Amino acid sequence: MKYQVVIGLEVHAQLLTNSKIFCGCSTRFGAEPNSQTCPVCLGMPGALPVLNGKVVEYAVKAGLATNCAITPRSIFARKNYFYPDLPKGYQISQYELPICVNGCLEIEVDGEIKKIGITRIHMEEDAGKLVHMETMDAGEKSYVDLNRACTPLLEIVSEPDLRSADEAVAYLKKLHQIVVYLGICDGNMEEGSFRCDANVSLMPVGSDTFGTRAELKNINSFRFIKQAIEYEIERQADILDEGRKVVQETRLFDPATGTTRSMRGKEEAHDYRYFPDPDLVPLVIGDDWVEEIRGTLPELPDVKRQRYVAEFGLPEYDAEVLSASREIAEYFEACAALYPQAKTISNWVMGEVLRALKEDGREIADCPATPRLLTDMLQLIEKGTISGKIAKTVFEEMYKTGKEPARIVEEKGLVQVTDTGAIEKIIDDVLAKEPGQVEEYRNGKEKLFGFFVGQVMKASRGKANPAMVNELLLKKLKG
């Protein structure tokens, strides 16, 4: 390539507080338009903001989890611009003195580890929402819903360290995983709880001067982020190849066409006329409080993954899957506490449990096959009461009904056959029906052994003990 891609991301994470950042209104999603508002979030004259302490706590958590320094003194600023869903005519944000600075995250792309800098994390309020609707008499009309106004956000700004769409997606997924693990954001991208602006520019390979950037606004899926950045790279490369200049602007991504289109000229910081908000005093955070918050942090994904490999002896892949979400990790660890066979548990969780949940559209916290039920079933396999194959039938019934596995085995007559005489009789019947295959096996076609095992298990309806079947069948075939 002639050009080096330079990408910086600005992520907005909506915080999981019950009330808004500067007032007591609810942050519940999906309520009737304008039903969760008050004079503060409506921007009424004389209404004064009061900072929600939980927002500060969550911001500190995010900073600590992303290796940021927590600034002992930060201030709120007014970011001035006009938009119909911004009732005050300004947004309360932070500018010169944000709450968190100089962090970093490590990402892995194509087997290589790369450190991505985080410039800052700051607190701010969200704007409202414009709703565009078709009407019978006057075509499309736009309505303003201010339920979302004053909802608490963290803006997490990366350094321009990303060099491809794949790196951008890896960074976003890592950040998404962390804020959800912390319990400070639900990460719901469809509802806009986690959304991203991407600043994309190109510069000639070997240059150290960044090119003119375009900002891709409010993209709410990892797939769309990748598509938008790749399209923008191609668009800017074509412009530069033709000897033209890239215009600094804000662009929107259209998922239907996979293209970006111009929205408006890109503002610089001075365009917003930032100044300290006179209604909010400087925020002073003591070291003692920071350390208290640090003590509440959960074990984060990278540390948990490494522990699973070291403590449980799991392969890297298993550890990656099981630590992907806090809920899956908690389920796995609850199982491991009841049944200390980590790899066996891992196989079942990654296989049957996650498959059933995906088909059912459920979260693992709502799984009917609780850790106790799953481990009770695994103990039945270990005791030889049921085979691994029969266990899948037991699991399906257990998942559907929540019944005890022992009860399912009893009700359905699934107890494994371990009687030597009974198994020998089944084997004799199978071999009697397949004299030609038996002759071929004895003439050296030993691959047929698997065929005979399958026929015996089928004849026993999966109940025959597999180890006994293999042993007795081999003796019979060897004559």
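The values are calculated or read from the model by the stated rules, or taken from the named source; none is laboratory data. Quick caveat, the model's predicted, so the values are computed rather than measured. Cβ placement follows ideal geometry from the backbone for every residue including glycine, while neighbour counts extend to all protein chains displayed.
Of the set (1) without any contact (Cβ under 8 Å) to a residue 40 or more places away in the chain; (2) closer than 24 Å to E382 by Cα; (3) assigned to a helix (DSSP H, G or I); (4) not aliphatic (A, V, I, L, M), all apply to K304 but (2). Comparison of G402, G384, G388 shows that the only residue that is within 27 Å of Q341 (Cβ to Cβ) and touching a helix residue (DSSP H, G or I) at 6+ places or on another chain (Cβ under 7 Å) is G388. Selection over the stretch 420-448 of residues that are within 27 Å of I386 (Cβ to Cβ) and under 45 Å from the mean Cα position of the chain (by Cα) gives a count of 0. For the residues C23, C68, the requirement of being farther than 28 Å from L216 by Cα and either touching a residue at least 24 places away in the same chain (Cβ under 8 Å) or in contact with a Phe, Trp or Tyr (Cβ under 6 Å, 6 or more places away or on another chain) (or both) singles out C23.
Among the residues of the stretch 303-316, what is the count of those that are in contact with a helix residue (DSSP H, G or I) (Cβ under 9 Å, 6 or more places away or on another chain) and surrounded by fewer than 17 Cβ atoms within 10 Å (Cβ to Cβ)? Give the steps one after another, and end with the answer.
Taking the stretch 303-316 as the starting set, the residues that turn out to be in contact with a helix residue (DSSP H, G or I) (Cβ under 9 Å, 6 or more places away or on another chain) are 304-309, 311-316.
Now restrict to residues that are surrounded by fewer than 17 Cβ atoms within 10 Å (Cβ to Cβ): 306-307, 309, 311, 313, 315-316.
The number of residues fulfilling the criteria is 7.
Screening L64 against (1) buried (at least 18 other Cβ atoms within 10 Å of the Cβ); (2) under 32 Å from the mean Cα position of the chain (by Cα); (3) modelled with pLDDT under 95 leaves a single unmet condition, (3).
Which is farther than 30 Å from G211 by Cβ and either assigned by TED's automatic domain parsing to the domain that holds V180 or not acidic (D, E) (or both), of G265, G295, G258? Give the steps one after another, and end with the answer.
Numbers: G265 fails: farther than 30 Å from G211 by Cβ; G258 fails: farther than 30 Å from G211 by Cβ.
The conditions single out G295.
Among the residues of the stretch 43-62, those identified as hydrophobic (A, V, I, L, M, F, W, C) and over 25 Å from C185 (Cβ atoms) are M44, A47, L48.
Listed here are the residues, each with its yes/no results for (1) surrounded by 13 or more Cβ atoms within 10 Å (Cβ to Cβ); (2) of a type outside the set (G, A, S); (3) at pLDDT below 80.
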site: L380; (1), (2), (3): yes, yes, no
site: T385; (1), (2), (3): yes, yes, no
site: K392; (1), (2), (3): yes, yes, no
site: E410; (1), (2), (3): no, yes, no
site: V415; (1), (2), (3): yes, yes, yes
site: L431; (1), (2), (3): yes, yes, no
site: K447; (1), (2), (3): no, yes, no
site: G454; (1), (2), (3): no, no, no
site: G479; (1), (2), (3): no, no, yes
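Looking only at the stretch 123-167, which residues are in contact (Cβ under 8 Å) with a residue 60 or more places away in the chain, part of a loop (DSSP other than H, G, I, E, B) and not charged (D, E, K, R)? Selection gives L146, N147, A149, C150, T151, P160, S164. Scanning for something of a type in the set (G, A, S) and not assigned by TED's automatic domain parsing to the domain that holds P98, does the stretch 298-317 turn up at least one residue? There is at least one residue in the stretch 298-317 that is of a type in the set (G, A, S) and not assigned by TED's automatic domain parsing to the domain that holds P98. Filtering the stretch 323-378 to residues that are in a helix (DSSP H, G or I) and hydroxyl-bearing (S, T, Y) leaves Y331, T344, S346, T375.
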